[in-house]
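Some notes on the structure that comes next.
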Amino acid sequence: CMRSVTELRVDFLRSQNIKFVALDFDGVLASHGKPELNADVKIWLDSFAENFGQENIFILSNKPTQVRLEYFQKHYSQIRFISGVAKKPYPDGLQKVISTVGCKPEEVALVDDRLLTGCLACIIAGCYPILITKPFVDYDNYTTSEKFFTFLRKWEQKFFL
């Protein structure tokens with residue numbers, strides 16, 4: 001568990017023999033439904049991608065929108081989006097990462113803010129789950145959707161952590 005993706009460090013991943021990272025978008029890189037990265041995440045991702053290698057980073061979101069894809073193509077051209085697979089908790093997205101790079105499942109980590117979607121997909125696929133416990137939430141524009149996901153995250157953490 002980590003409070004924020006900005007706490008994720010390359011040396012930690014290397015100590016766990018992690019060679020590839022898949023990042024969820026909603027809650028991890030930005031608040032739910034937002035097309036742009038959180039400002040702190042952008043600073044972190046610039047440094048992280050330089051040190052870990054953009055080619056070793058994937059975006060695995062249940063909402064891989066065109067706007068998000070275009071943003072990454074413009075700013076992080078080697079970070080790949082995984083799409084056209086069953087949504088998490090199905091392990092298909094992680095299995096696609098594994099087959100794309102030809103690695104072992106335990107060499108892939110997924111950073112996600114949900115236990116019963118991303119972390120469960122990791123367990124099923126044999127990958128390394130990293131749970132974000134304080135996901136990004138836009139309280140200034142607190143939509144029904146954002147409230148729903150905030151409730152789910154709190155419920156999961158209360159009963160499973």
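The values are calculated or read from the model by the stated rules, or taken from the named source; none is laboratory data. Since this is a predicted model, take the numbers as computed values, not measurements. Because the Cβ atoms are built from the backbone with ideal geometry, glycine has one as well, and the counts that use them run over all protein chains shown. For the accessible areas, the whole protein counts, side chains as well, though only heavy atoms, and no ligand, DNA or RNA atoms are used. Shrake-Rupley method; radii C 1.70, N 1.55, O 1.52, S 1.80 Å.
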Subject >> Residue in region 50-78 that is nearest to ARG14 (Cα to Cα), counting only those that are surrounded by 19 or more Cβ atoms within 10 Å (Cβ to Cβ) and among the aliphatic types (A, V, I, L, M) >> reply: ILE57
**OP:** Within region 36-49, track down each residue that is open to solvent by 40 Å² or more (accessible area, probe 1.4 Å), in a helix (DSSP H, G or I) and not acidic (Asp, Glu).
**Re:** ALA39, LYS42, ILE43, SER47
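Yes or no, residue by residue, for (1) under 12 Å from the mean Cα position of the chain (by Cα); (2) at positive phi; (3) touching a residue at least 60 places away in the same chain (Cβ under 8 Å):
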residue	(1), (2), (3)
THR100	no, no, no
VAL111	yes, no, yes
ALA125	no, no, no
PRO129	yes, no, no
ILE132	yes, no, yes
THR143	no, no, yes
PHE149	no, no, yes
Subject >> Of the criteria (1) modelled with pLDDT under 95; (2) in contact with a Ser or Thr (Cβ under 9 Å, 6 or more places away or on another chain); (3) of a type in the set (A, V, I, L, M); (4) surrounded by 19 or more Cβ atoms within 10 Å (Cβ to Cβ), which one VAL28 fails >> reply: (1)
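Looking only at residues that are of a type outside the set (D, E, K, R) and not in a strand (DSSP E or B) in region 103-119, which one is farthest from VAL28 (Cα to Cα)? Break it down into steps so the answer makes sense when it comes.
Start the filter on region 103-119 by keeping residues that are of a type outside the set (D, E, K, R), which leaves 103, 105, 108-111, 115-119.
Filter once more, so that each one left must be not in a strand (DSSP E or B): 103, 105, 115-119.
On the way: CYS103: 24, PRO105: 22, LEU115: 13, LEU116: 15, THR117: 13, GLY118: 11, CYS119: 13 Å.
Checked region 103-119; the qualifying residue farthest from VAL28 (Cα to Cα) is CYS103.
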**OP:** Would you check which residues across region 120-156 are modelled with pLDDT of 95 or more, part of a helix (DSSP H, G or I) and open to solvent by less than 10 Å² (accessible area, probe 1.4 Å) and list them?
**Re:** ALA121, CYS122
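Can you go through ALA86, ALA39, ALA22 and tell me which one is in contact with a Phe, Trp or Tyr (Cβ under 9 Å, 6 or more places away or on another chain) and among the aliphatic types (A, V, I, L, M)?
Values: ALA86 fails: in contact with a Phe, Trp or Tyr (Cβ under 9 Å, 6 or more places away or on another chain); ALA39 fails: in contact with a Phe, Trp or Tyr (Cβ under 9 Å, 6 or more places away or on another chain).
It is ALA22.
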**OP:** Scan region 96-119 residue by residue and report those that are in contact with a Pro (Cβ under 7 Å, 6 or more places away or on another chain) and open to solvent by 40 Å² or more (accessible area, probe 1.4 Å).
**Re:** LEU116
Original post:
Is there any pair linking a residue in region 13-26 that is over 15 Å from PHE48 (Cα atoms) to one that is buried (at least 22 other Cβ atoms within 10 Å of the Cβ) and hydroxyl-bearing (Ser, Thr, Tyr), with Cβ under 6 Å and at least six apart or on different chains, and which?
Top reply: ASP24/SER61; PHE25/SER61
Original post:
From GLY93, GLY33, which residue is open to solvent by 40 Å² or more (accessible area, probe 1.4 Å), within 28 Å of GLN157 (Cβ to Cβ) and in contact with a strand residue (DSSP E or B) (Cβ under 8 Å, 6 or more places away or on another chain)?
Top reply: GLY33
